[in-house]
Amino acid sequence: MATPTLPKIWETFPELSEPLHAILTEMSASWHIGFDEIDRAIRSQLNAGKLVRPALTLIFSQLSDQNYNKSAISLGASVELLHLATLIHDDVIDESKLRRGHESIQSQFGKDTAVYAGDYLLTGMFSLLDSADKPVANKLALTALQEILFGELVQKQNRYNLDTTFPTYFSQIKGKTAALFKLSATFGLVSSKTYNTELLDTVSKLGENIGITFQLLDDYLDFESIMDNLSLGKPIGQDIRNGIYTAPILFALADSEVQESVKSLLLKRDEISDSEMILLHDLIISSNAMIKLEALLTEYSESLVTLITALPNIAMQNQLNQLSQLLLNRHN
């Protein structure tokens, strides 16, 4: 199987090009199971990811050394395989037809093939963990898996819950999104020569903050793109139809001016029509929801800068600031 090409975003990070290619090569070696349909299913998703998480592993591995060691490559590849596996399984649970602008594995090949493909990628993750030969990485991976599962269960328990609170919402995204960013960052630290428990705490907080900020922006962009997707004939409001209420919805539900109108539309659950989804979109845009979400994004972005500045390596600070700006400017 040919190694996938790097996403264009890494053209601005030439120093990461070679190690990211090495990560893709390691991942490709884990993608051939010998069952044609599973192989084709996994291959269908290969070129869609941005590789942000393994890039974080590489950046944090440079705390003490400018050279990317074999452990950093293996751990970066393992975290991306875990990420892919969770996406495939998510699509099965949500019955999503699209993933990253392409037909999802579960839609194209069926749910059984999707589950097997996700499971196989998990075995690849554990194989790469073993080859990294960093026992502490195994403990970090176990914790991340527990956090991811907890986030999924919190989300499942609160589907269609109009009383969902922000603490509950943050429990969801800390598990579903931030746990993998935190794991990516701490994997980088573990592969470096400067690993210690004090730095682990700092890097964990930073990785989690990146993940939360990333998800908040995703929530903002997903809601903002509803009208664009409608004009392109793409499905709209899938999270809302599935009873998954993100930050724009929660802020609108707290706004007395639109609260009741928003609730009446959400009570339609998965039977809400596209025209009603447009009405919901317009109600939320007319409320203070997006302004409050922008303020929350600013708060987390400023906290991110503070945490990055506390790191002992100036070159790494610059890389992280550059990457953070790239991720935060996705809407431009």
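The values are calculated or read from the model by the stated rules, or taken from the named source; none is laboratory data. Quick caveat: nothing in here was measured; it's all calculated off a predicted structure. So basically every Cβ, Gly included, is an ideal-geometry build from the backbone, and we count neighbours across all protein chains shown.
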task: Mind telling me which of the residues ALA137, ALA178 ends up being within 26 Å of ALA252 (Cα to Cα), part of a helix (DSSP H, G or I) and hydrophobic (A, V, I, L, M, F, W, C)?
output: ALA178
task: Go over the candidates SER273, SER303, SER264, SER256 one by one and state the one that is out of contact with any Cys (no Cβ under 6 Å at 6 or more places or on another chain), under 30 Å from LYS193 (Cα atoms), surrounded by fewer than 18 Cβ atoms within 10 Å (Cβ to Cβ) and modelled with pLDDT of 95 or more.
output: SER303
message: Would you confirm, using the coordinates I've provided, whether ILE236 is among the aliphatic types (A, V, I, L, M) and part of a loop (DSSP other than H, G, I, E, B)?
response: yes
message: Looking at LEU280 and the list (1) out of contact with any Gly (no Cβ under 9 Å at 6 or more places or on another chain); (2) crowded, with 19+ Cβ neighbours inside 10 Å, which single condition is not satisfied?
response: (1)
field: Filtered residues of region 95-119 (kept if over 16 Å from ILE33 (Cα atoms), among the hydroxyl-bearing types (Ser, Thr, Tyr) and part of a helix (DSSP H, G or I))
entry: SER107
query: Can you name every residue in region 21-51 that is at pLDDT 80 or above, buried (at least 18 other Cβ atoms within 10 Å of the Cβ) and within 16 Å of VAL79 (Cβ to Cβ)?
result: ALA22, ILE23, LEU24, GLU26, MET27, GLY49, LEU51
- prompt: Hey, among LEU183, LEU142, which residue is within 20 Å of GLY76 (Cβ to Cβ), at pLDDT 95 or above, surrounded by fewer than 19 Cβ atoms within 10 Å (Cβ to Cβ) and not β-branched (Val, Ile, Thr)?
  reply: LEU142
message: Looking at the structure I just gave you, is LEU63 in contact (Cβ under 8 Å) with a residue 24 or more places away in the chain, surrounded by fewer than 22 Cβ atoms within 10 Å (Cβ to Cβ) and at negative phi?
response: yes
query: Does VAL92 qualify as being of a type in the set (A, V, I, L, M) and in contact (Cβ under 8 Å) with a residue 24 or more places away in the chain?
result: yes
task: Spot the failing condition for SER324; the list is (1) surrounded by fewer than 14 Cβ atoms within 10 Å (Cβ to Cβ); (2) in contact (Cβ under 8 Å) with a residue 60 or more places away in the chain; (3) out of contact with any Phe, Trp or Tyr (no Cβ under 9 Å at 6 or more places or on another chain); (4) of a type in the set (S, T, N, Q), and only one is missed.
output: (1)
